[in-house]
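First comes the structure, then the notes that go with it.
The values are calculated or read from the model by the stated rules, or taken from the named source; none is laboratory data. Since the model is a prediction, treat every value here as computed from it, not as a measurement. In this analysis, Cβ positions are derived from the backbone assuming ideal geometry, glycine residues included, and neighbour counts consider all displayed protein chains. Accessible surface areas use protein heavy atoms only, side chains included; no ligands, DNA or RNA. Shrake-Rupley method; radii C 1.70, N 1.55, O 1.52, S 1.80 Å.
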Amino acid sequence: MPSPFSEEHQQFRNTVRQFCERELAPHAAEWERDELFPNWVFKRAGELGILGAHYPQDVGGAGGDYWFSVAKSEELPRCNTSGVVMGLLVQSDMATPVINDLGTQEQKDEFLRPAIRGEKIAALAVSEPNAGSDVAAIETVARIDGDDYVIDGSKTFITNGTRADFVTLLAKTDPRSGAHGCSFFLVPTNTKGFQVSKKLKKIGNHSSDTAELHFEAMRVPARYRLGEENLGFMYLMQNFQSERIIACTSAVAGGDRMLGEAIDYARNRNVFGKPIIKREYWQHKVVDLMGKLEAARSLAYRGAEAYNVDKHVNQGPVSLSTVRLISLAKIFVGDVMSEIADQCLQLHGGWGYIEEFPIARAWRDQRLFRIGGGTTETMRYYVAKLMGL
Ligand SMILES: Cc1cc2nc3c(=O)[nH]c(=O)nc-3n(C[C@H](O)[C@H](O)[C@H](O)COP(=O)(O)OP(=O)(O)OC[C@H]3O[C@@H](n4cnc5c(N)ncnc54)[C@H](O)[C@@H]3O)c2cc1C
């Protein structure tokens, strides 16, 4: 596959890289300790055009293709704290694509434009205490009442949830109808009845916030419904594809870093009189991992290219063959990243278990990949269904 990146993509990549290395990485340890990166990170990313490079110009984006998003996702891990990567990708590629796809001009002006500028923080509120993989089983209900919907229910695991200005929320508008009874809403978090009920403590990705939300008699004007009533599940499946592929390309870039750091360590650490890297066992291991990493990158790029063609070239919905490819990428990248993290930690010996070594944090952080945005098992279940098995 020839490189999908043009000179323009490279310039954008450099902007993201400099932002991460100069403005974010120096604070990484502090934000990990504080378990929150500050809100100015969104604002600054917006100023630099990092959040909207792939969105059309008429909503304040740069009008680029999806490879801008891929370049961004590959550079962000240079900030050295995965929570920031997650928070920013939720803002640019997880909570907002559905607004670009379905939003009215009013909705785009009120929510998408300020999100692209980093002035309003966005969160995607889908998962619930009793429904994660099985989205159709959500219990949050939106009941029409005059010109409003009244929403009751709870969400959990919501990234950016403690400080979001608005949430892109999925609720049941027809509770008897499973997948065919869900609708999307844009909900400003200062709406009466919206409550952050808990900040969840995580084993990794410490610098990002993850919240439990509760809604009680929360009145949302009908003009904040996104798209058609009861088609929310279908819209979500479209939206998931952006979330999943961008998570894949970012994870592969994280794998590059883990492997690179492990090789450096192995060059400098002697065991039984010679550097670890001179041990044939580790040479072969590293070579095998490199091959798997390149295979993971190729599959992720194929998914990104298919997504780019569907959405940016054809300006249509994501096709089922693209969904299949992206789901396969999510499975394969997840398995490869877990293996790379585990082997790179092993190569460090005891130091791999000590916080000051980057591999310790990377090992914890990458574990989320096989869970968030659809578990590996759920991806296999979808692909099997698509294959008619
Ligand atoms: C740090 C973090 C951040 C997150 N951010 C967000 C966010 O911003 N917004 C949001 O809406 N959600 C978010 N999530 C939620 C995430 O998407 C869910 O955790 C995920 O979809 C799995 O749902 P669950 O946790 O309810 O697990 P469950 O659905 O209860 O699954 C439990 C187990 O059952 C397995 N399983 C499920 N279905 C099948 C099947 N068909 N066959 C075999 N096994 C199956 C799963 O693979 C898993 O191993 C986040 C989660 C975490 C941990």
Restricting attention to segment 30-66, which residues are open to solvent by 70 Å² or more (accessible area, probe 1.4 Å) and under 25 Å from VAL318 (Cβ atoms)? GLN57, ASP58
Need pairs with beta-carbon distance below 9 Å; first residue of a type in the set (Asp, Glu) and within segment 54-68, second part of a helix (DSSP H, G or I); sequence gap 6+ or separate chains. ASP58/GLN105; ASP58/LYS108; ASP65/HIS9; ASP65/ASN308; ASP65/LYS311; ASP65/HIS312; ASP65/VAL313
State yes or no: is ALA142 open to solvent by 10 Å² or more (accessible area, probe 1.4 Å), away from the ligand (no atom under 12 Å from the Cβ), more than 18 Å from ALA95 (Cα to Cα) and not in a loop (DSSP other than H, G, I, E, B)? no
Return yes or no: is ALA295 open to solvent by less than 30 Å² (accessible area, probe 1.4 Å), on the phi < 0 side of the Ramachandran plot and either of a type in the set (A, V, I, L, M, F, W, C) or in contact with a Cys (Cβ under 6 Å, 6 or more places away or on another chain) (or both)? no
Spot the failing condition for SER73; the list is (1) open to solvent by less than 20 Å² (accessible area, probe 1.4 Å); (2) farther than 21 Å from ALA306 by Cα; (3) under 20 Å from the mean Cα position of the chain (by Cα), and only one is missed. (2)
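Tell me, please, whether a residue that is within 11 Å of the ligand (Cβ to nearest atom), of a type outside the set (D, E, K, R) and touching a Leu at 6+ places or on another chain (Cβ under 7 Å) can be found in segment 182-202.
No.
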Screening THR159, THR173, THR140 for residues that are polar (S, T, N, Q) and under 16 Å from the mean Cα position of the chain (by Cα) leaves only THR159
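Let me confirm something: among VAL85, VAL135, which residue is touching a Cys at 6+ places or on another chain (Cβ under 9 Å) and open to solvent by 10 Å² or more (accessible area, probe 1.4 Å)?
VAL85
Which residue, of ALA262, ALA300, ALA341, is closer than 22 Å to SER92 by Cβ and in contact with a helix residue (DSSP H, G or I) (Cβ under 7 Å, 6 or more places away or on another chain)?
ALA300
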Would segment 80-88 turn up any residue that is in a loop (DSSP other than H, G, I, E, B) and either over 25 Å from ALA253 (Cβ atoms) or within 11 Å of the ligand (Cβ to nearest atom) (or both)? no
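Residues checked against (1) part of a helix (DSSP H, G or I); (2) open to solvent by 20 Å² or more (accessible area, probe 1.4 Å); (3) within 16 Å of the ligand (Cβ to nearest atom); (4) aliphatic (A, V, I, L, M):
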residue	(1), (2), (3), (4)
MET337	yes, no, yes, yes
GLY350	yes, yes, no, no
LEU368	yes, yes, yes, yes
ALA384	yes, yes, yes, yes
Failed item, numbered, when ARG364 is tested on (1) assigned to a helix (DSSP H, G or I); (2) within 16 Å of the ligand (Cβ to nearest atom); (3) over 23 Å from PHE157 (Cβ atoms): (3)
Quick test of your reading of the structure: SER197 fulfils all but one of (1) without any contact (Cβ under 8 Å) to a residue 24 or more places away in the chain; (2) open to solvent by 50 Å² or more (accessible area, probe 1.4 Å); (3) of a type in the set (Gly, Ala, Ser). Name the failing condition by number. (1)
Based on what the data block shows, is GLY255 of a type in the set (Gly, Ala, Ser) and outside any loop (DSSP other than H, G, I, E, B)? yes
I'd like the full set of residues that are part of a strand (DSSP E or B) and loosely packed, with under 13 Cβ neighbours inside 10 Å, limited to segment 265-288. ASN270, VAL271, LYS274
Within segment 103-116, identify whether any single residue is open to solvent by 60 Å² or more (accessible area, probe 1.4 Å), more than 30 Å from ILE203 (Cα to Cα) and of a type in the set (A, V, I, L, M), and answer yes or no. no
Report, ordered by the first and then the second residue, all pairs with beta carbons closer than 8 Å, sequence separation of six or more or different chains, a first member in segment 158-175 that is over 20 Å from LYS108 (Cα atoms), and a second member that is at pLDDT below 95. none
Just give me the residues in segment 275-297 being over 19 Å from the mean Cα position of the chain (by Cα) and among the small types (Gly, Ala, Ser), in sequence order. GLY291, ALA295
List every residue pair whose Cβ atoms sit under 8 Å apart, with the two residues 6 or more apart in sequence or on different chains, where the first one lies in segment 119-139 and is without any contact (Cβ under 8 Å) to a residue 24 or more places away in the chain and the second, anywhere, is open to solvent by less than 40 Å² (accessible area, probe 1.4 Å) and more than 8 Å from the ligand (Cβ to nearest atom). ASN130/ALA137; ALA131/ALA137; ALA131/ILE138
Restricting to segment 91-136, count the residues that are assigned to a helix (DSSP H, G or I) and not acidic (Asp, Glu). 19
